[in-house]
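Below is one structure; the comments refer to it alone.
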Amino acid sequence: MKMETKTITLLGKELTISTSYESFSNGFTEQNETIDIERLVDLVGDEDEAKQLAEEMVKYVYNKVYSECAEASKVGDALYSYHNLHIHIGEGGLITATAVYSECNDYSLVEFYVYDKDMKKDEEDEDGEEIEENVRHNEIVEALGSEEFRHKMDEDDLADFERLEDKERENYKRLHPEEFDEE
């Protein structure tokens, strides 16, 4: 499995991403980009930032899928891209954004999901005293969970990919004229 690292910015913070690629027997490849953080509250400060994080993660994977499909269209290749952006939380939990576009399978997907929603922490210590950081952590987990969704790309997004499909067909014909010559 091939592994790379780079940095991106989410919520105004520069974060290191490890990238791996997984190939499947059907010939498709899935790209997984992973950010490891120790504590959720070190990245997300409040409920508004939780919503912003969801938006930024989804935009990131959507743009990755679109860019990869745009590159494929330039050389007349079928449009396919599958990207995941994961945030692994050292204290427990996983936040994931996914985008997929597959021309051959007539399939598209955009998703934001929080795994281990029960990663909530005790809000009181053994003496019954409130633990402020744990309360804030739990509020952030709830806010992230409220942002979850899974659906096909909307009509505007699909229209962008359909334009890429048109470019792909034009470029395929241009690059492979022998397949279209009339005898």
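The values are calculated or read from the model by the stated rules, or taken from the named source; none is laboratory data. All figures in this text were calculated on a predicted structure; none of them were measured in a lab. Quick reminder, even Gly has a Cβ in these numbers, built from the backbone with ideal geometry, and neighbours come from all protein chains shown. Accessible surface is based on the protein model in full, side chains and every heavy atom, while ligands, DNA and RNA are left aside. Shrake-Rupley method; radii C 1.70, N 1.55, O 1.52, S 1.80 Å.
Miscellaneous remarks
- Pairing residues of the range 166-183 that are over 13 Å from Leu79 (Cβ atoms) with residues that are modelled with pLDDT under 85 and open to solvent by less than 100 Å² (accessible area, probe 1.4 Å), at Cβ distances under 8 Å and at least 6 apart in sequence or on separate chains, gives Lys173/Phe180.
- Annotation note: of Arg136, Arg150, the sole residue that is part of a helix (DSSP H, G or I), open to solvent by 70 Å² or more (accessible area, probe 1.4 Å) and among the charged types (D, E, K, R) is Arg136.
So that you can scan it fast, the table gives a plain yes or no per residue for (1) in contact with a strand residue (DSSP E or B) (Cβ under 7 Å, 6 or more places away or on another chain); (2) of a type outside the set (D, E, K, R):
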residue: Glu22; (1), (2): yes, no
residue: Ser25; (1), (2): no, yes
residue: Gln31; (1), (2): yes, yes
residue: Ile35; (1), (2): yes, yes
residue: Glu56; (1), (2): yes, no
residue: Ser73; (1), (2): no, yes
residue: Gly76; (1), (2): no, yes
residue: Tyr82; (1), (2): yes, yes
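- Screening the range 108-118 for residues that are part of a strand (DSSP E or B) and in contact (Cβ under 8 Å) with a residue 24 or more places away in the chain and picking the one that is farthest from Ser23 (Cα to Cα) gives Val114.
- Members of the range 102-133 that are surrounded by fewer than 16 Cβ atoms within 10 Å (Cβ to Cβ) and among the hydroxyl-bearing types (Ser, Thr, Tyr): Tyr107, Tyr115
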